[in-house]
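The values are calculated or read from the model by the stated rules, or taken from the named source; none is laboratory data. Everything quoted here is computed from the prediction, not taken from an experiment. Reconstructed Cβ throughout: ideal geometry from the backbone, glycine too, with neighbour counts over all protein chains shown.
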């Protein structure tokens, strides 16, 4: 009888441990920079990914009848030291959108245009990179540049 209780207890502990480990991996979020995404090459195509960048306002094309919105993101550094050297996150975002040599990522979001989608906003997009290099986002998270001062991006460098 005592052996059955021990075995049952071990099975419960093993099940709980399995659930913790499997859910931790599923909920951990890694944000890639646009440069990191480009470095992945063909490996990135067709995979579900999360990418961060700065919204280029002059590229926003709103198609409300579909609904769909297209826009480009500009490369923003993920390294906190680089962000600090730029003068903080707001300054790093502004530098990115005004740097013509910064790598760009075209994004298509097949939903209604988010309210905070504007020039210089920090965007985190989740979705799939198509073979043609267009990122098809099913989720767009935005942070308006006026809503923070010198905060560092809440990003973890992708592997």
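Structure notes:
- Meets criteria (exposed (fewer than 13 other Cβ atoms within 10 Å of the Cβ) and either farther than 14 Å from residue 56 by Cα or in contact with a helix residue (DSSP H, G or I) (Cβ under 9 Å, 6 or more places away or on another chain) (or both)) for residue 126: no
- The residue list 96, 90 contains one member that is more than 20 Å from residue 45 (Cα to Cα), in the same structural domain as residue 39 (by TED's automatic domain parsing), at pLDDT 95 or above and not in a loop (DSSP other than H, G, I, E, B), which is 96.
- Options 54, 38: the member that is at pLDDT 75 or above and out of contact with any helix residue (DSSP H, G or I) (no Cβ under 6 Å at 6 or more places or on another chain): 38
- Residue 138 falls short of the stated requirement of being part of a loop (DSSP other than H, G, I, E, B) and modelled with pLDDT of 95 or more.
- Scanning the stretch 45-85 for residues that are assigned to a helix (DSSP H, G or I) and crowded, with 19+ Cβ neighbours inside 10 Å gives a single hit, 83.
- Residue match in the stretch 8-24 (condition: at pLDDT below 95 and outside any helix (DSSP H, G or I)): no
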